[in-house]
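The structure appears right after this line, and notes come after that.
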Ligand code: FES
Ligand code: FE
């Protein structure tokens, strides 16, 4: 993590460094490799736990090239399986969400699985005593819960959750306790907006990582966070949160007061904004009275669905507080950001971008992300 802003750097480092070449954002073959070596290999934030209300509730979610079924078992614990029947491979659940009463039954030949994935019934199963009901159960997917979300990993041996997911918050905030103080897992959903963005997922990550664009496209945000107008402030200092403007009463579209500070955050977290990128697909924004969590679902080289949740104290949502101005601020930021990404996507196919573009000094940290992507896609044994 860089701790010195680029404007005060001395020495001979060049001002402009290269980006990834244009085809990295357009080539279906590169996207297929990313599916295999990034989305199917790392922890992927898939589903908000509270969206699965009780036993039998399910969601299906696409991770890389797989459809994954997330459900709750009879004990109320989250479970995830590949959404593929072990008999002849029919998709078990075709809906995005729903609820089964007790079991998951394949609509093709009625193989039936309990909510822990065990094969419990099939036509004539009693006449096939040699069939191992666990071995022919649904293929489980690794699952961890954090911030109230189910994080899934399709790899047989997942990378350390502590290093790759929790570590991202520690790297940005300086310690593990800072994000835990928001008690995100206890917050309630105030609003969810889904954006269908016609841009490569990496353009969205790169945009989220830099602030060079803030003065140009985010007038409302820079009113509340004046240091963002400088273009490089917050992300350069471990533990630093951008300070609210003195006249801002809250993190709202017009600077009016928000629903009130979360009781568990520290005094030094009040009137501050923190942004965290958890590679590959999650952005977390922390402000005193809510948490905004983005989950990206890359669907094609030039298409990414982004689901954005605004999370508030449960009593704020329960009393029906007016959250419109609170939600509107970051909804506008999202719309402005995604429009910029969509404006950039066609340029990735241009001959002028075949070798890529450049990063200015306040964007140099994006080079670290590019290096990370390149390393992940590099040939590895096995
Ligand atoms: Fe599912 Fe036959 S494919 S029961
Ligand atoms: Fe932005």
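The values are calculated or read from the model by the stated rules, or taken from the named source; none is laboratory data. The structure presented is a predicted model; accordingly, all values stated were derived computationally and were not measured. All Cβ positions, glycine included, derive from the backbone under ideal geometry; neighbour counts span all protein chains shown.
Among 193, 179, which is the only one that is more than 16 Å from ligand 2 (Cβ to nearest atom), modelled with pLDDT of 95 or more, more than 24 Å from residue 32 (Cβ to Cβ) and in contact with a strand residue (DSSP E or B) (Cβ under 9 Å, 6 or more places away or on another chain)?
179
Rundown of residues vs (1) surrounded by 23 or more Cβ atoms within 10 Å (Cβ to Cβ); (2) outside any helix (DSSP H, G or I), yes/no style:
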{"position": "171", "(1), (2)": "no, no"}
{"position": "178", "(1), (2)": "no, no"}
{"position": "190", "(1), (2)": "no, yes"}
{"position": "194", "(1), (2)": "no, yes"}
{"position": "199", "(1), (2)": "yes, yes"}
{"position": "202", "(1), (2)": "yes, no"}
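Only one of 327, 306 is crowded, with 18+ Cβ neighbours inside 10 Å, closer than 30 Å to residue 16 by Cβ and within 21 Å of the chain's Cα centre (by Cα). Can you tell me which?
The conditions single out 306.
Which one of these does residue 117 not meet: (1) at positive phi; (2) more than 16 Å from ligand 1 (Cβ to nearest atom); (3) surrounded by 14 or more Cβ atoms within 10 Å (Cβ to Cβ)?
Every listed condition holds for residue 117 apart from (2).
For the stretch 311-322, does any single residue satisfy the condition of being under 24 Å from residue 362 (Cβ atoms) and not in a helix (DSSP H, G or I)?
Checking the stretch 311-322: not a single residue is under 24 Å from residue 362 (Cβ atoms) and not in a helix (DSSP H, G or I).
Which residue out of 135, 110 is surrounded by fewer than 20 Cβ atoms within 10 Å (Cβ to Cβ), more than 16 Å from ligand 2 (Cβ to nearest atom) and free of Cβ contacts under 8 Å to residues at least 12 places away in the same chain? Walk me through how you get there before you give the answer.
On the way: 110 fails: free of Cβ contacts under 8 Å to residues at least 12 places away in the same chain.
One residue alone meets the criteria, 135.
Identify, from the list 11, 98, 89, the residue that is in a loop (DSSP other than H, G, I, E, B) and either at pLDDT 95 or above or within 21 Å of residue 199 (Cβ to Cβ) (or both).
89
Which residues, counting only those in the stretch 226-258, are assigned to a loop (DSSP other than H, G, I, E, B), surrounded by 17 or more Cβ atoms within 10 Å (Cβ to Cβ) and at pLDDT below 95?
231, 232, 233, 240, 241, listed by residue number.
In the stretch 94-110, which residues are under 17 Å from residue 74 (Cβ atoms) and within 16 Å of ligand 1 (Cβ to nearest atom)?
100, 103, 104, 105
Can you tell me which residue in the stretch 96-107 is nearest to ligand 2 (Cβ to nearest atom), limited to those that are more than 20 Å from residue 66 (Cα to Cα) and surrounded by 14 or more Cβ atoms within 10 Å (Cβ to Cβ)?
Checking each candidate, the answer is 99.
Do the conditions hold for residue 143, that is, is it more than 13 Å from ligand 1 (Cβ to nearest atom) and either at pLDDT 95 or above or closer than 21 Å to residue 73 by Cβ (or both)?
Considered against the rule, which asks whether it is more than 13 Å from ligand 1 (Cβ to nearest atom) and either at pLDDT 95 or above or closer than 21 Å to residue 73 by Cβ (or both), residue 143 comes out as yes.
What residue, of 379, 267, is farther than 30 Å from residue 65 by Cβ and exposed (fewer than 15 other Cβ atoms within 10 Å of the Cβ)? I'd like the intermediate steps shown before the answer.
Details: 379 fails: farther than 30 Å from residue 65 by Cβ.
Among 379, 267, only 267 is farther than 30 Å from residue 65 by Cβ and exposed (fewer than 15 other Cβ atoms within 10 Å of the Cβ).
So, residue 230, is that one free of Cβ contacts under 8 Å to residues at least 24 places away in the same chain, touching a helix residue (DSSP H, G or I) at 6+ places or on another chain (Cβ under 9 Å) and more than 12 Å from ligand 2 (Cβ to nearest atom) or not? Reasoning before the result, please.
Values: free of Cβ contacts under 8 Å to residues at least 24 places away in the same chain: yes; touching a helix residue (DSSP H, G or I) at 6+ places or on another chain (Cβ under 9 Å): yes; more than 12 Å from ligand 2 (Cβ to nearest atom): yes.
Yes, satisfied.
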